[in-house]
Structures are given as C-alpha cells and as structure tokens.
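What follows is a set of notes on a single structure, which appears directly below.
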Amino acid sequence: MDYQELVLESFSTLALNKVRTGLAMLGVVIGIGSVIALVSLGQASQRLIEDQIKTLGSNLLTVSPGAQRSGGIRGAAGGGQTLTYDDAKAIITSPQITTVKKVSPEYSGREQIVAGRNNTNTQVVGVTPEYTEVRNTGVSSGFFISQQNLDGMSKVAVLGPQTALDLFGPPAGGGVDPVGKDIRIKGLTFRVVGITVSKGGSGFMNLDDRVFVPLTTAQKQLFGVDYLSSISIEVVNQDVMVEAQNQVGYLLLERHKLKDPAQADFSIMSQADIIGTATEVTGTFTTLLSGIAAISLMVGGIGIMNIMLVTVTERTREIGLRKALGAKKKIVNAQFLLEAVMVTFVGGLIGVVLGVGVAYALSRSMGLPFALSVPSILLAFGVSAAIGVLFGWYPAQKAANLAPIEALRYE
Amino acid sequence: MIRVSHLTKTYKTGEIEVRALDDVSFEVKKGEFVAIMGPSGSGKSTLMHLLGALDIPTSGKYFLDGKNVADLDDDQLAEIRNEKIGFVFQAYNLLPRTTALKNVMVPMIYGDVPREERTKKARKYLEMVDLGDRLYHTSSQLSGGEQQRVAIARALSMNPSILLADEPTGNIATNQAVEIMKILDGLNQKGHTVVVITHENEIAECTKRIIYLRDGKLEKDEMNKHRRELSKITL
C-alpha cells in the first residue's frame, strides 16, 4: 500500500469539509491549549515562589510561635505569644548551640503609614541589626536599624523601595528623597534613615513593601507587646541544618519548661520545609487545573469520535466501493484512523501554539516568569495523537468491518 | 476460468429463510461474452455478488482460475476482487469530487502498482474508452455514459480475468447505452471475458451466450443464435 497516497487522500477528504473538520479540531485545540497554558502558568508561579523564598536568605531557620494553650484550650497556630526576645538572645549565647551564626528576632504587624498627604497600609517589622545579614537584605541609601537605635528605642524607620515609592513618589518623577523625612505610624513620628535594596516580587509576597523599625520600639511603643512573631536564624552552613534545628528545638523546650517535644509551643521550619509546603500548594493547584483541562481534552476527543461516526455512515457507499475494488480491512481502518489522527494532531499543534501564547501573555501581565516546559509540549503532542487513535478506533473499525454488498446497496 | 457447481445462497430475514440461489452450476471459459438474464427476484444480483467475490455462498463451490473462492476470508476476497475481477456497476460508483484519472487509479493503489505505472496505465485505459480529453474532469462534470466509461476503464486497470458488468446500461440514455455495449463487445473481441447481468433482452441479445435464471434456479443456458451485430447499429 502506498502510504503517501493514503495521507494525501485523508488530507483532501478533510479539506473538503473544512467547517466540520475545523469544529472537530476545536475541541482538541482548546483541550491541549488549556493544558499547556495552565501547566506552564503553574510552573511559573511555582518557580516565582521558590525564587522569592530563596531570596529570604539561605541557611535560614524560622522559629514561629505555636498554638498557645491556656487551660486546655488550643488557640490558632502562629498566634501564640510564647517566643520572647530573651529566647532569641539565649539561642545566640547558649553554649549548647554550636551551629548558629546569627539570630534575628522579629515582630510584625500591619499598620497605616502616613507621610504628608500620602498614606499606605503595609507590614511594619520590628527588627534588630542582625536582620540585614540573616535575611540577606541591604540598604540602597542611608543606613539600616543600628544597635544604638535598638538600645535607645529610637523612632527611626527604614522603608522598602515599594513603600518609599508609595509614600514619596518616584525619585525620577519629582519625588523627594525619603531619607531624612518623617513618617507617622499610629500617631508616632518616625524619621526615615534608609531605603532597602529591591528584592523583587509582587502581590501577596512583596518583600519590597515593608517598613522596618527597631524591635524595641515596635514592641514597647507601637504594639505594646513583649513577645515576638518569629525568630530567624542563620545557620553556619547548609550541612548542619538538621542539627541546628534540633539544638534550637531542645533549648527552647528547656526554656519553656516542656519535656515532651510533641507539646512544643513553637515550630522550626527550614527553607526546604517552606519551599516544600509552597510547592505542594501550587503543585496541587496545577494538578487540579490540568485535570480540568484534561477533561476538556476528553470531551474534544468524544466530539471527534462523533464526527467520525457520522462520516463513516455518510461514506458507507464509498467504503463499499473501495472494498469492492480491493481495499483490505486494514487499509480502510488505516484511512479512517489517519483522518482522526490528522485532525487531533493538527489540533494539538494549534493548541500548543495557542497555549504557549496564552501562557506568555498571562505571565507577562501577572509579572510571573515565563516557563516553557518542553516535556509538557511533547506530552501534549503525544496525547493529541493518542486521542485520535483512541477515539478514531471505533469508527475506523466500524468502517473496516462493513460488508461490501451491504455498503454498496446503502442509499 | 469460472466454474460454479451446486451454488446455493440462502438469506435469513427473521424467521423466514429465503433461498436466493438454488443449486446453480455452469462454466464460463476464457474469452466468452455471457449475459445472465432474469426478472427481478430471480437471483441474478445474488449470483453477481458471488461471482464478484463480494459474498460467499452458503453451499456449493466457485472456482475462479482454479481457486475455490468459497473458502477465502475477507482480506483474501478483497485480493481476488482487486486482481481478478473488474466491476462495472449500474450506478457507476465513481468517487465523487475526484478526477477520472484518480478514479481509474484506485484499484491500482490497492494493488500496489507503482505510482508512475499507475498514471501511465490509467491514461491508457481512459484513452481506450475515448476519454483521453476528459482525464481531469470530476465525476459530476461527466455525463452518465462518460462516467460509465470511466468505470470500465477502472475495471480494466488491473487487467482482470473477468469483467463483471451489473446492469451497465441501466442508468444511461439509449444512444450512450449502445456505446457502452460496443466498448464491452470490443473488449471481448480483444480476448477479455465479459459477464453482463441484465434484465433487458436487447442487452442480452448483444452477447454470445445467455444464462436464464428464474426463482434462484438456472432455467436455460444457451448460445445466442440471434446475436445483434453491435458494429452495424448506427445512431
């Protein structure tokens, strides 16, 4: 059998009925397109989150207060008041801890910030000078919170570049240099002493939209608390992360007078833990969305089967004639199968182009990195061809098994 | 060439069993020009299907070039049809929206004739039926007689053992019908074995031998003594 002839014939049959072929193809186009778009968007946001978490600083452990127990009633996790500045100091000074390099205690809360006629609502973070090293943050102008600021409970603030932009306008567009200016938080006046380096990111995890103040000022004057919202710990190197996690854990258990690690009123997470959790969440979303897209692909496949069945019925006489002229079963089967596969394959091709286009446009508009996943594109081609075979099989078999005399008689 | 012995075909429609062909035996030798005649319901279509290897008999034997066709499976039958039988149908059965040339090439595609040879042969046979100037016309651009001539060219393309024409003139105007019969006669004179199935006396009288069927049985099998000389008919 001349397969080139077979391909040409299938092609011209499909070309004869452009509208029908197009509509049959559309299901696959949409299915493949949405799978590709969603998978690459999912991967893009996953990569974004990983990148952002990595910029927080490597070798980082984060201690968060656990659920607080009072009289057997368990409060919300993370809302506890069990971590104190003294805990943080103990971690760095304790002789039993050998793997920790720096400790950065933090307290943060959202507040309204006012500067002249501008105001914004953002995260106010009470920090110590160690923050710069532990969290991998520097200043682009001015200075960061110093030990004197901390000891003297000074009312000074360091702005994230986004907050600076919100409050003082773009430096190039006639905005004033925020350093040296005053801002007001909760009715208290703070002097801006520095601007941090941009760390990128957008939306819910914007690391540039922050205001840093001395930890002591934040605890005593702004929020009136004596506990911390977290302690960040820089470990000497990545190989001893687990050891550091254990050392810090036992020290805090001891300080909090707890014997059973299961009762711990705090939790210690490493970067790997956080990335793992975030990846798991976005991974679940990606899987879910791909599942929905796969369903639409399935529906597209059923559409193709439907069209192919109609085609077989319509061309019963032609099939009968071809068999009378010597077409064997496998040739009739191959011809119809080829038509189905051509539709799905071309549909898959258009779908991939469309999906990549949509993913590119969306990632541009959402500020996500654009991730083109070659395996998922190859998989999409494979799947679209497989759908052609899967859903074209039954109609093709039906055509191949037609008895020639019945088919020739068919009106 | 063709030998059928005790050929029987029964169809079951629900409870009723219809004996469409009942113990038919005859022989057709190479180079004969035979008409199979009978009124409708006489079993001539059934016989044509069996002779054309489109169907297999319920019982009896059918030898085509020494091979018992009754024993073959679907794909082997397809091969027989492709190589040994040239069909000419009442309704022409050309592929729609396809050129005459392509239509003639269809059996050769299934018969694995190489591309160049296919085109050459298709052209030759179309010229033989006087359609050398219609090679690229599609079926809808051709008259009934012309379409049937394309069908004859197609039937000849694999150089078959027999040419099986089922009411070849049934759908065609009289003057063109004579033309078709002249072509079949001409092919017979060149040595082709031609079997025509018809219910029209005038058509049967153009052949050399007439087999009469009635109620599925062979009624009469005789040489045609009053043969109409096709070459003398002028229009």
Notebook entry, point to check: Do we find a residue being within 14 Å of chain B (Cβ to nearest Cβ) and either modelled with pLDDT under 85 or out of contact with any Asp or Glu (no Cβ under 9 Å at 6 or more places or on another chain) (or both) anywhere in the stretch A:297-317?
Noted result: yes
Item checked: Hey, B:Pro96 surrounded by fewer than 23 Cβ atoms within 10 Å (Cβ to Cβ), more than 9 Å from every other protein chain (Cβ to nearest Cβ) and part of a loop (DSSP other than H, G, I, E, B) or not -> no
Item checked: Lone unmet requirement of (1) open to solvent by less than 60 Å² (accessible area, probe 1.4 Å); (2) among the hydrophobic types (A, V, I, L, M, F, W, C); (3) closer than 25 Å to B:Tyr110 by Cα for B:Ile56 -> (1)
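Residue under question is A:Ser373, and the condition is that it be touching a residue at least 24 places away in the same chain (Cβ under 8 Å), within 23 Å of A:Ile32 (Cα to Cα), surrounded by fewer than 22 Cβ atoms within 10 Å (Cβ to Cβ) and touching a helix residue (DSSP H, G or I) at 6+ places or on another chain (Cβ under 9 Å); does it hold? Break it down stepwise before answering.
Numbers: touching a residue at least 24 places away in the same chain (Cβ under 8 Å): yes; within 23 Å of A:Ile32 (Cα to Cα): yes; surrounded by fewer than 22 Cβ atoms within 10 Å (Cβ to Cβ): yes; touching a helix residue (DSSP H, G or I) at 6+ places or on another chain (Cβ under 9 Å): yes.
Here the answer is yes, as A:Ser373 does meet what is asked.
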Item checked: Members of the stretch A:1-37 found to be surrounded by fewer than 23 Cβ atoms within 10 Å (Cβ to Cβ), away from chain B (no Cβ under 14 Å) and not small (Gly, Ala, Ser), listed by number -> A:Val19, A:Arg20, A:Thr21, A:Leu23, A:Leu26, A:Ile30
Next item on the list: Scan the stretch B:45-56 and report the pairs whose first residue is more than 10 Å from every other protein chain (Cβ to nearest Cβ) and over 19 Å from B:Thr193 (Cα atoms) and whose second residue is at pLDDT below 90 and assigned to a helix (DSSP H, G or I), with Cβ atoms within less than 7 Å and a gap of 6+ or a chain change.
Entry: B:Ile56/B:Ala70
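Look at A:Gly66 and say whether it is open to solvent by less than 40 Å² (accessible area, probe 1.4 Å) and modelled with pLDDT under 85.
yes
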Item checked: Failed criterion for B:Val69 (all others in (1) at negative phi; (2) surrounded by 14 or more Cβ atoms within 10 Å (Cβ to Cβ); (3) touching a residue at least 24 places away in the same chain (Cβ under 8 Å) hold) -> (3)
Item checked: Qualifying residues in the stretch B:19-42 (those that are open to solvent by 10 Å² or more (accessible area, probe 1.4 Å) and within 18 Å of B:His199 (Cβ to Cβ)) - the one nearest to the other protein chains (Cβ to nearest Cβ) -> B:Ala20
Notebook entry, point to check: Which is in contact (Cβ under 8 Å) with a residue 60 or more places away in the chain, within 14 Å of another protein chain (Cβ to nearest Cβ), among the small types (Gly, Ala, Ser) and closer than 30 Å to B:Leu54 by Cβ, of A:Ala396, A:Ala327, A:Ala400?
Noted result: A:Ala400
Notebook entry, point to check: So A:Gln245 clears everything in (1) open to solvent by 20 Å² or more (accessible area, probe 1.4 Å); (2) in a strand (DSSP E or B) except one condition, right? Which one?
Noted result: (2)
Check: So which residues in the stretch A:288-341 are among the basic types (Lys, Arg) and surrounded by 22 or more Cβ atoms within 10 Å (Cβ to Cβ)?
Finding: A:Arg322, A:Lys323
Next item on the list: For residues that are open to solvent by 10 Å² or more (accessible area, probe 1.4 Å) and small (Gly, Ala, Ser), scanning just the stretch A:85-109, find the one that is farthest from A:Phe212 (Cα to Cα).
Entry: A:Ser94
Item checked: Output for the stretch B:141-161, where each listed residue is away from chain A (no Cβ under 13 Å) and in contact with a Pro (Cβ under 7 Å, 6 or more places away or on another chain) -> B:Gln148
Item checked: One residue from B:Ala122, B:Ala70, B:Ala91 being at pLDDT 95 or above and either out of contact with any Lys or Arg (no Cβ under 7 Å at 6 or more places or on another chain) or more than 20 Å from A:Ile319 (Cβ to Cβ) (or both) -> B:Ala122
Notebook entry, point to check: If B:Phe89 passes every condition in (1) within 13 Å of chain A (Cβ to nearest Cβ); (2) in contact (Cβ under 8 Å) with a residue 60 or more places away in the chain; (3) surrounded by fewer than 17 Cβ atoms within 10 Å (Cβ to Cβ) but one, which one does it miss?
Noted result: (3)
Next item on the list: Could you tell me whether the stretch A:165-178 includes any residue that is closer than 26 Å to A:Ser267 by Cα, part of a helix (DSSP H, G or I) and out of contact with any helix residue (DSSP H, G or I) (no Cβ under 8 Å at 6 or more places or on another chain)?
Entry: no
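Considering only residues that are open to solvent by less than 70 Å² (accessible area, probe 1.4 Å) and more than 8 Å from chain A (Cβ to nearest Cβ), which ones fall in the stretch B:72-86?
B:Leu72, B:Leu77, B:Ile80, B:Lys84, B:Ile85, B:Gly86
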Next item on the list: With the checklist (1) within 16 Å of the chain's Cα centre (by Cα); (2) under 18 Å from B:Ile152 (Cβ atoms) in hand, flag the one item B:Ile80 doesn't pass.
Entry: (2)
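The values are calculated or read from the model by the stated rules, or taken from the named source; none is laboratory data. In this text the structure is predicted, and so the values were computed from the model without any measurement. Glycine also receives a Cβ, built like all others from the backbone with ideal geometry; neighbour counts cover every protein chain displayed. The area values use the complete protein model at the heavy-atom level, side chains included, leaving out ligands, DNA and RNA. Shrake-Rupley method; radii C 1.70, N 1.55, O 1.52, S 1.80 Å.
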